[in-house]
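Read the figures in this text as sums done on the coordinates, not as results from a lab. Owing to the predicted nature of the structure, the values given are computational and were not obtained by experimental measurement. Using ideal geometry, Cβ is built from the backbone for each residue, glycine included, and neighbour counts are taken over all protein chains shown.
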Amino acid sequence: MKNKTKTKATAKTSSKPRTMTAKQAQVQEALQVTWLLKGKLKSAQIAYLRIGELLVRVRDKKLYAELKHADMEEYARERLQLGRTSLYKYLKVYDWVSKYYPEWLQKKPKGFIPELYDVADLMWIESELKKKNLAPAKKAALEELRKQALDGQLAQSDVRKIRSSGAKTEDSLKSFVSKLRNLRMRGFQLASMPQEAITHIDAAIDIIKNAKTLAQFRISPGKGWDQLAVV
């Protein structure tokens, strides 16, 4: 009989809610606020895309003209108090997302959506990855940066590093073109210079000047460059 009474008393005591310490209460509040913030931030990203979607609708259907506005800029400024820079950013981001990440435009998109107010780095990474003949090392680096961006962990220093390396390559090519032009001028002044050599130099300059080739230019053997080296 005594044992039964003791068991009931123990059960009664264990059912009482535990009083949280001040530290535990702070931790719980921090977790709750963080959970709310994550939800609000995602809602903000979705709202940003919804605004872009509506603006694209006004643009594509030229609805601004129905309200007697000359263009989108005038409509946005007078009807929405939306500046030119913000307007075109909404439009650009929406067009980019609809092309590369249409899943973010679903009614209830799943997963994480990165910060859309400043997606310039991710847009640049995507455009670089679309280039043909991308060097394997650069492609791997860009894919890693892309993953970090989509996880919300992209470091600006890493982006600047790979961008600056590309700029250095372009500067080097411009310097190379300048040297080729000087070489051509000097060669042209030599009476004994074969015309074929001048033609090769002209061809090299034209290739490098090509805007599309400039970003992806690679000097590879077996494509006539050995002849240029002799010149």
> So between residue 185 and residue 131, what do we pick up on full extension, going 0.36 nm a residue minus the alpha carbon distance?
Replying inline: 16.1 nm
>> Between residue 88 and residue 161, how high is the FRET efficiency from 1/(1 + (r/R0)^6) when r is the Cβ-Cβ distance and R₀ = 30 Å? Nearest 0.05.
In response: 0.60
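Determine the gain in length on full extension of the stretch residue 44-residue 123; use 0.36 nm per residue of separation and subtract their C-alpha separation, reporting nm with one decimal. Provide the component values of the computation, followed by the final result.
Details: separation 79, 0.36 × 79 = 28.44 nm, distance 1.94 nm.
Length gained between residue 44 and residue 123: 26.5 nm.
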>> Taking 41 Å as R0, compute the FRET efficiency from the Cβ-Cβ separation of residue 151 and residue 178 and round it to 0.05.
In response: 0.45
> Which of 177, 97, 159 comes first, and how do the rest follow, when ranked by fewest Cβ neighbours within 10 Å?
Replying inline: 177, 159, 97
